[in-house]
Every structure is written in C-alpha cells, then in structure tokens.
1. What's the number of the condition residue 141 fails, among (1) out of contact with any helix residue (DSSP H, G or I) (no Cβ under 7 Å at 6 or more places or on another chain); (2) under 21 Å from residue 117 (Cβ atoms); (3) outside any loop (DSSP other than H, G, I, E, B)?
2. Filter the stretch 241-269 for residues that are assigned to a loop (DSSP other than H, G, I, E, B) and in contact with a helix residue (DSSP H, G or I) (Cβ under 8 Å, 6 or more places away or on another chain) and give the result.
3. How many residues does the stretch 210-235 hold that are assigned to a helix (DSSP H, G or I) and under 23 Å from residue 132 (Cα atoms)?
4. I need every pair where a residue in the stretch 207-224 that is at positive phi has its Cβ under 7 Å from the Cβ of a residue that is surrounded by 10 or more Cβ atoms within 10 Å (Cβ to Cβ), sequence separation at least 6 or different chains.
5. So, in the stretch 163-202, exactly how many residues are outside any helix (DSSP H, G or I) and in contact with a strand residue (DSSP E or B) (Cβ under 9 Å, 6 or more places away or on another chain)?
6. When you look at residue 238, is it closer than 23 Å to residue 127 by Cα, out of contact with any helix residue (DSSP H, G or I) (no Cβ under 7 Å at 6 or more places or on another chain), at pLDDT 95 or above and assigned to a helix (DSSP H, G or I), yes or no?
7. How many residues does the stretch 164-174 contain that are farther than 12 Å from residue 234 by Cβ and surrounded by fewer than 18 Cβ atoms within 10 Å (Cβ to Cβ)?
8. Considering only residues that are surrounded by 15 or more Cβ atoms within 10 Å (Cβ to Cβ) and free of Cβ contacts under 8 Å to residues at least 24 places away in the same chain, look in the stretch 251-269 and name the one that is nearest to residue 185 (Cα to Cα).
C-alpha cells in the first residue's frame, strides 16, 4: 500500500519521502514503483519522461526524522493498534505543528490514533484501496476532533492524486469494511458449510453481482490475517455476534495460510 500511495502522489507532481524500517524494504518498494511505472509506459498510459519525472520526486529514508518538514504524512504500517499508536506519537513529536497526520488504517479508530498525539484536530483517516494506482476511491475518515480545514485539505490532496475522496465518520470498519468484511466472512461460511467450492462462490459473485473479483480471491489479496483482524474489530466495536469470524478463517490464519503473501489461501499462488 505504501508503494502505491507514494507512486500516485509522485505521479501527481508531489515531492515524496518514503520511510521504512530497513533499507532492503525501501529498495523493494522503490523497485515495485519502478516496475509499475514501466508497465504504464509499455501500455502507453504514461510517457517515459513522465515516469522518470515521478521517480525523481521520490526520496527514501529509514529514519522518521526525514518526515520533519512534510505537510502531509500518510501512515501505511501493519494493522497493529499499539504500533499505530506509538508511531503517531513519534510523528507528533517529529513533524512540524501544521503537518497533517493521516492513517491508511482499514479498521483502527481514528479517534484512538489521534488520542496518542497532541494534535487530534490534524489527524484523519486516508484509506486508499488496493491496488492503489488502479482503484479510484480514498475513504476519508473524520475523527471527532478532525478540523474542517484538515478534511478539506486532504480531500484536495486526494483529488490531486487523481482519486475520488468520499467522507465518513469514525466508526468500526468505517463504511468500506463494515460492508465488505461481513460479505467475505459469509462467503467463507458458505465454503465452510460445503455450500459450494471456492471457484463457484467467486464465480457466482463475479458473474451474478458484477464484482470484478470474487470474495474469496479478494480475501487472499487482502490477507486472511487482516480480514480476521477487521472482523474482530467489528465484533468488538459494534457488539454484535453477527460479525463473529468464521471458524475456517480462524483456522487458516492459525495455520499461516494467509493468501497471496504466503502463497496459500483459498487458492494456491
């Protein structure tokens, strides 16, 4: 996700600094961006000159201090609450006072994240969809203290990146995952109960509901551990057992079958 966000920002003419915890991760990310831009050039959706220009706008560092002068910081780290909270606390002390701190979180409360900073009015959710260079939506999540000015600026930045920003209030799963994850979970329950095989479940949703990708294949793309985490957030946050994760989902995560990133999920990769 971080690679994609950096790519679309740079392609819109923004100067970008990407930060990760190891140089090898940064090298992998920069390579992914370069390869993605090369594909766009081959498909004649971008000129070689524009691709090279975008790459020249991207800097990288393994130190958070490199973000001290940024106007907008978009966090795209794993969905681990304590890790998010500690990172935002560090960013709050590093970044200039007027900087906006945005989270690409898919489920963690923006209010909770903002509570670990001294600038809750300048903390917001900026939830990009995967794959970022292709998907048009950015789900803008406003915390209870997010200022209208910050929301307006983030909407403008999203539009500058060629995205369509749509806003909602902070709530478990926001809008996207509150609706999507129960659908994925229901597809897993159908498989668990032997209603149909994965190919049939996905095929029915693709051909019958005009979905571009079936729910089980989408779960593999997202990562089954992430799907499970969000289901727990929904179940605990909304307080209803209708959001209880399927036993099959729990078992697959325990076995390390997390989807594409491990090579094995509902399908083999």
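The values are calculated or read from the model by the stated rules, or taken from the named source; none is laboratory data. Worth saying up front: this structure is predicted, and the values here are computed from it rather than measured. Ideal geometry is used to build each Cβ from the backbone, glycine not excepted, and the neighbour counts take in all protein chains shown.
1. Looking at each condition in turn, residue 141 falls short on (1).
2. To start, the set of residues in the stretch 241-269 that are assigned to a loop (DSSP other than H, G, I, E, B) comprises 244-246, 255-258, 263, 265-267, 269.
Of everything in the stretch 241-269, those that are assigned to a loop (DSSP other than H, G, I, E, B) and in contact with a helix residue (DSSP H, G or I) (Cβ under 8 Å, 6 or more places away or on another chain) turn out to be 244, 245, 246, 256, 257, 258, 265, 266, 267, 269.
3. 16
4. Here the result reads 223/258; 223/259; 223/261, each pair linking the stretch 207-224 to a residue that is surrounded by 10 or more Cβ atoms within 10 Å (Cβ to Cβ).
5. Filtering the stretch 163-202 down to residues outside any helix (DSSP H, G or I) leaves 163-175, 193-197.
Right, trim to in contact with a strand residue (DSSP E or B) (Cβ under 9 Å, 6 or more places away or on another chain) and you get 163-171, 174-175.
Final tally of qualifying residues: 11.
6. no
7. Of all residues in the stretch 164-174, those farther than 12 Å from residue 234 by Cβ come to 164-170.
Those still in the list that are surrounded by fewer than 18 Cβ atoms within 10 Å (Cβ to Cβ) too: 164, 166-169.
So the answer is 5.
8. 264
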